1. Six or more apart or on different chains, Cβ atoms under 7 Å: show the pairs whose first residue is in segment 109-131 and assigned to a loop (DSSP other than H, G, I, E, B) and whose second is β-branched (Val, Ile, Thr) and surrounded by 16 or more Cβ atoms within 10 Å (Cβ to Cβ).
2. Any residue in segment 79-87 that is aromatic (Phe, Trp, Tyr), in contact (Cβ under 8 Å) with a residue 60 or more places away in the chain, touching a Leu at 6+ places or on another chain (Cβ under 7 Å) and within 21 Å of residue 179 (Cβ to Cβ)?
3. Taking only pairs six or more apart or across chains, which ones have beta-carbon atoms under 6 Å, a first residue in segment 149-176 that is on the phi > 0 side of the Ramachandran plot, and a second residue that is part of a loop (DSSP other than H, G, I, E, B)?
4. State which residue is nearest to the chain's Cα centre (by Cα) when the search covers only segment 187-244 and only residues that are within 16 Å of residue 25 (Cβ to Cβ) and in a loop (DSSP other than H, G, I, E, B).
5. Regarding segment 85-95, can at least one residue be identified that is surrounded by 18 or more Cβ atoms within 10 Å (Cβ to Cβ), of a type in the set (S, T, N, Q) and at pLDDT below 95?
6. Being surrounded by 15 or more Cβ atoms within 10 Å (Cβ to Cβ) and under 15 Å from residue 9 (Cα atoms) is the filter here, so list the residues in segment 55-77 that pass it.
7. For segment 204-213, indicate whether the set of residues that are over 30 Å from residue 22 (Cβ atoms) and surrounded by fewer than 23 Cβ atoms within 10 Å (Cβ to Cβ) is non-empty.
8. Could you list all residues from segment 144-186 that are assigned to a loop (DSSP other than H, G, I, E, B), crowded, with 18+ Cβ neighbours inside 10 Å and of a type in the set (S, T, N, Q)?
Amino acid sequence: MKLEFDALTMRFDDTTVIDRLTFSAEMNTLAIIGPSGGGKSTLLRLIGGLLAPSSGEIRLNGMPIPKSPADLLAYRRGIGFVFQQKGLFSHLTARENIALPLTVVHGWTQKEAIRRADELLERFGLSEHADKRPSALSGGQQQRAAIARAAAPRPKLLLLDEPTSALDPEYTVEVLDVVNELKESGIDFIIVTHEMGFARHACEKTAFFANAALEAIGPSETLFTSPPTPGLKRFLGRLLEWQV
């Protein structure tokens, strides 16, 4: 995919969250890292068309994100979203959570949707939990089901906003394994994450976002081995100081 930002700016009242961001690169997998409150999640929502920028433009594969309601709805249908938690419908089973959007949003038949749901539940190790509601699933199982739902319609791009932020280490590994499997199957994704190991080893490129600006972006291994800015070097140093 080719991702371009042209003087992208986002303000909330008097606070500038993204400041005249200009950038262009081709990639298949991108990790966005940086301090909390730095605008990473806002950037992801702008890419997904869930927010409209205060000014500037985003282009995906050469096409600007549309502005009309009808075109914007069509654009969003081509994007899969996974949020931090609480993304599943609490009154539906895991299977129903995956199948329902396929029928209601994407126009699949009930039979096609159930078949696709069962395929993904098996692929992500959730077959035995297909008829359970979210409250009966562990945190890792809930997030795997949420990723399955986002991947079900075969979107052109998957956006993941800190999908492991509230999980125990064991469940974090479960979720990251699923995301890595999607990468190996050819799905493009952008993930906002605090899991530096995943960003470094599973994502083609990494972007460091802080202070309303994109301070650094490049091949993941290069950024982690030789941080190009003092801010990134300081950020990584603080994170790695207490790691085992």
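The values are calculated or read from the model by the stated rules, or taken from the named source; none is laboratory data. Values in this document were obtained by computation on a predicted structure and should not be read as measured data. A quick note on method: Cβ atoms are made from the backbone with ideal geometry, for glycine too, and the neighbour counts reach across all protein chains shown.
1. 124/178; 130/93; 131/93
2. yes
3. Pairs that qualify, where the first residue is on the phi > 0 side of the Ramachandran plot and the partner is part of a loop (DSSP other than H, G, I, E, B), are 162/84.
4. The selected residue is 188.
5. Step one: filter segment 85-95 for residues surrounded by 18 or more Cβ atoms within 10 Å (Cβ to Cβ), giving 87-88, 93-95.
When the remaining residues are screened for being of a type in the set (S, T, N, Q), the result is 93.
Now drop any that are not at pLDDT below 95, which leaves none.
No - not one qualifying residue is present in segment 85-95.
6. 56, 58, 65
7. Step one: of segment 204-213, the residues over 30 Å from residue 22 (Cβ atoms) are none.
So far as segment 204-213 goes, no, none of its residues is over 30 Å from residue 22 (Cβ atoms) and surrounded by fewer than 23 Cβ atoms within 10 Å (Cβ to Cβ).
8. 164
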